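Below: the structure, in structure tokens.
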């Protein structure tokens, strides 16, 4: 357990030391909030959807957690390139604990980033409908972070260089985000698109955030929790298996 704590703490320290990374990571959420939130707001309101900023803010928060947690896998490749991973793997510590520490560290960093973006959304005008449901929203935030941190670990454990990771991310992360319903309602979609959104784990995470923060759900909070829990368990197992097969 000590190894899990040390690796978790290392990921947090790496994040807090990089002030430029923290500021730069807020750029994309700000762009979506300002350009889409206010630009498409009148159109969304005329269509009877209410405030687009209210609708989109949970999606932007989920997007931030998605990108931060998945790209935590890049740190695995970075450590492999500079030899830190080899030093970690030869230590008399089970690889399962090493993987758990790194994954929890990446998930914690993603949650911190998501909370920062939540503050930005509040400044921009987003308001939760009930403060009592905020803890439920935090639970969904944590589940999204764990699911995609485990996915990042699994992918980072399977690749050998940064270029391969970036290629996979461009063909995986962006479709996950755009097909999750973060920017559009999931109701009345074409049949094919509706099926795709139902197999996207981020769809359930963002739907859960919307359910908790603005009382607007498509699948329902219970289904969102169950599906995210299944994805988290499956991806943690896959990540642990791939990490155990890393050759040093």
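We did not get these values from a lab; they are worked out from the coordinates using the rules stated. All of these numbers come straight from a predicted model, not from anything done at the bench. Glycine gets a Cβ as well: all are built from the backbone with ideal geometry, and neighbour counts include every protein chain shown.
Take the Cα of residue 178, step 7 Å toward its Cβ, do the same at residue 233, and the gap between the two points is 3.4 nm. Once R0 is set to 22 Å, what does the formula 1/(1 + (r/R0)^6) return for the Cβ-Cβ distance between residue 194 and residue 223, expressed as a FRET efficiency to the nearest 0.05? About 0.90, to the nearest 0.05.
Length gained on full extension, residue 163 to residue 115: 14.3 nm, using 0.36 nm per residue less the C-alpha separation. Here the residues 161, 200, 224, ranked from fewest to most Cβ neighbours within 10 Å of their Cβ, fall in the order 161, 200, 224. Note on residue 124 and residue 81: with the Förster distance fixed at 41 Å, the Cβ-Cβ geometry gives a FRET efficiency of about 0.60. Based on every Cα atom in the range 2-244, Rg and the maximum pairwise Cα distance Dmax equal 18.0, 62 Å. Paramagnetic label reach from residue 31 (point 7 Å along Cα→Cβ; backbone nitrogen cut-off under 20 Å): within the range 148-184, residues 166-184. Ranked by the mean number of other Cβ atoms within 10 Å per residue, highest first, peptides 57-70, 167-180 order as 57-70, 167-180.
Rounded to the nearest 0.05, the FRET efficiency derived from the C-beta distance between residue 132 and residue 96 at R0 = 30 Å is 0.20.
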